[in-house]
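Before any comments, here is the structure.
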Amino acid sequence: MRPTRRSFVRCASLAAAGNAIGLRPFGALNALAQSASGYKALVCVFLYGGNDANNTFIPFDTTGYGNYSQIRGPLAIAQNQLLPLTPLPNFALNPNLPDIQKLFNSNNAAIVANVGTLVAPTTRAQFLANQSLPTNLFSHPDQQLEWQNASQSGATPTGWAGRIADTLNSTYNPNGLVPMITSVAGDTLFCNGTASTPVSVSPGNLGAASCSESTTECGARLATAQALLTFDTGLTLVQADDTITSNAYNYSKVLTAATASVPALQTVFPANNGLAAQLKQIAQIIQVRAALGVNRQIFFAGIGNFDTHSNQLTLQNALLAQISPALAAFYQATQELGVASDVTSFTMSDFSRTFQPNSNTGTDHAWGSHHFVIGGAVNGGKMYGTFPTLALAGPDDSGSNGRWVPTTGAVQYAATLAQWFGVSTAQLPSIFPNIGSFAANNLGFV
């Protein structure tokens, strides 16, 4: 269990979050498990490094594929290897995404095309004139932060999931024993609100906040550490750190006891797959949602490195081959738990990659990308948004090598998910301050 530290400076909110929580009889609570209809969860899967969407979702018609093949050159995937999408016959998926193909063809997955960070709707001409653009485009750290905070600047100190928790936690989780947000991929801006902080866990090791040595040493170390947390140093930052650490111990106890009280999931997750391990841990926490006293949860998972400046086909294909079975196993687990229509998973990434390859059989940083949304509530088997014109220096290219200007804003993507989760139209501006710059705040994919 890793306590979150980015929220250090928000001492007041940390103090408010610092009320100690007690254990409950989890067996009894699980026997009175809440109905799935009152529960919803969002699961973000972040593709760190910038996944090349151009080799993820590919034109399949004769003209479209011919254009793709000609410009992509050595990075073009043979047409007979692509995975056709039955409801969308002019497009296909990377051959390493067979599980996503099945989910899409069964209407349990959708694709949102050409999404990216935007301050407002933007054209190629406006980009070239440097009008109203997000800060530091094509930069890994800045674009990761801007996807996670749904803002035009990486300097915004809260994430959009954190702001949702600020807004909805008291309504949906008034008696929650853990925060609304859980990260299984470390500390991240996405999870941090003004008055809300997440719980961060290590997949497969919910008790990681406690000592892992011998029983005697563990007891002594843990007692000493917890005794130190009771000292009033008079130093605000130290007290804030103590609050975070104390919360970590408490959350560890609650999660460990809750998950130990239920049978193991029957769904088999792929072995030797880091993302699958993260998603399995998320499924196990969802399984004990009633014991945790939560009706709404947001989870953050991540996988990388998609920064494929060279040898892209080998590197990206290996990563996509991990993502596909991991997401499919997670969806199967939600079916097993009876919450397939109450859990929506979605991808985010820094950006896409240039359509034109570089000299190292790789690609460079770009902008607009395509993303997957998966779940029983998804209006699947469809593409949402506008697929870009695949022409270098064409109407959707921000330059001359295929950096697509997004036609859908990341904030619209996030706002759509937020509304399904329970955010009202009236609450949108406080969570997504620039949503009013866009004509549509709900894209309809869920």
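The values are calculated or read from the model by the stated rules, or taken from the named source; none is laboratory data. All of these numbers come straight from a predicted model, not from anything done at the bench. No Cβ is skipped: glycine too gets one built from the backbone with ideal geometry, and neighbour counts run over all protein chains shown.
What the table below lists for this structure:
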{"item": "Yes/no for residue 220 being modelled with pLDDT of 95 or more, exposed (fewer than 14 other Cβ atoms within 10 Å of the Cβ) and of a type in the set (A, V, I, L, M)", "result": "no"}
{"item": "Per-region count, region 256-283, residues under 21 Å from the mean Cα position of the chain (by Cα), farther than 13 Å from residue 343 by Cα and assigned to a helix (DSSP H, G or I)", "result": "7"}
{"item": "Answer residue from region 136-170, given it is hydroxyl-bearing (Ser, Thr, Tyr) and touching a residue at least 60 places away in the same chain (Cβ under 8 Å) and is surrounded by the fewest Cβ atoms within 10 Å (Cβ to Cβ) among those", "result": "139"}
{"item": "Residue count, region 102-135 (criterion: over 28 Å from residue 339 (Cβ atoms), crowded, with 16+ Cβ neighbours inside 10 Å and of a type outside the set (Gly, Ala, Ser))", "result": "11"}
{"item": "Sole residue being touching a strand residue (DSSP E or B) at 6+ places or on another chain (Cβ under 7 Å), touching a residue at least 60 places away in the same chain (Cβ under 8 Å) and not charged (D, E, K, R), chosen from 96, 51, 55", "result": "51"}
{"item": "Unmet criterion (only one of (1) in a helix (DSSP H, G or I); (2) surrounded by 20 or more Cβ atoms within 10 Å (Cβ to Cβ); (3) of a type outside the set (Val, Ile, Thr)) for residue 41", "result": "(1)"}
{"item": "Failed criterion for residue 175 (all others in (1) farther than 18 Å from residue 346 by Cα; (2) outside any loop (DSSP other than H, G, I, E, B) hold)", "result": "(2)"}
{"item": "Counted residues, region 359-381 - those being touching a helix residue (DSSP H, G or I) at 6+ places or on another chain (Cβ under 9 Å) and surrounded by fewer than 18 Cβ atoms within 10 Å (Cβ to Cβ)", "result": "4"}
{"item": "Test: residue 80 is surrounded by fewer than 22 Cβ atoms within 10 Å (Cβ to Cβ) and on the phi > 0 side of the Ramachandran plot", "result": "no"}
{"item": "Within region 348-358, tally of residues that are surrounded by 23 or more Cβ atoms within 10 Å (Cβ to Cβ) and not in a loop (DSSP other than H, G, I, E, B)", "result": "2"}
{"item": "Boolean, residue 352 is among the small types (Gly, Ala, Ser) and touching an Asp or Glu at 6+ places or on another chain (Cβ under 7 Å)", "result": "yes"}
{"item": "Answer residue from region 284-318, given it is in a helix (DSSP H, G or I) and of a type outside the set (A, V, I, L, M) and is farthest from residue 361 (Cα to Cα) among those", "result": "289"}
{"item": "Residue tally, condition more than 17 Å from residue 146 (Cβ to Cβ) and assigned to a loop (DSSP other than H, G, I, E, B), over region 408-446", "result": "11"}
{"item": "Sole residue being in contact with a strand residue (DSSP E or B) (Cβ under 6 Å, 6 or more places away or on another chain), free of Cβ contacts under 8 Å to residues at least 40 places away in the same chain and not in a strand (DSSP E or B), chosen from 126, 101", "result": "101"}
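Here's the yes/no breakdown for (1) modelled with pLDDT under 85; (2) part of a loop (DSSP other than H, G, I, E, B):
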| position | (1), (2) |
| --- | --- |
| 179 | no, yes |
| 185 | no, yes |
| 190 | no, no |
| 193 | no, yes |
| 232 | yes, yes |
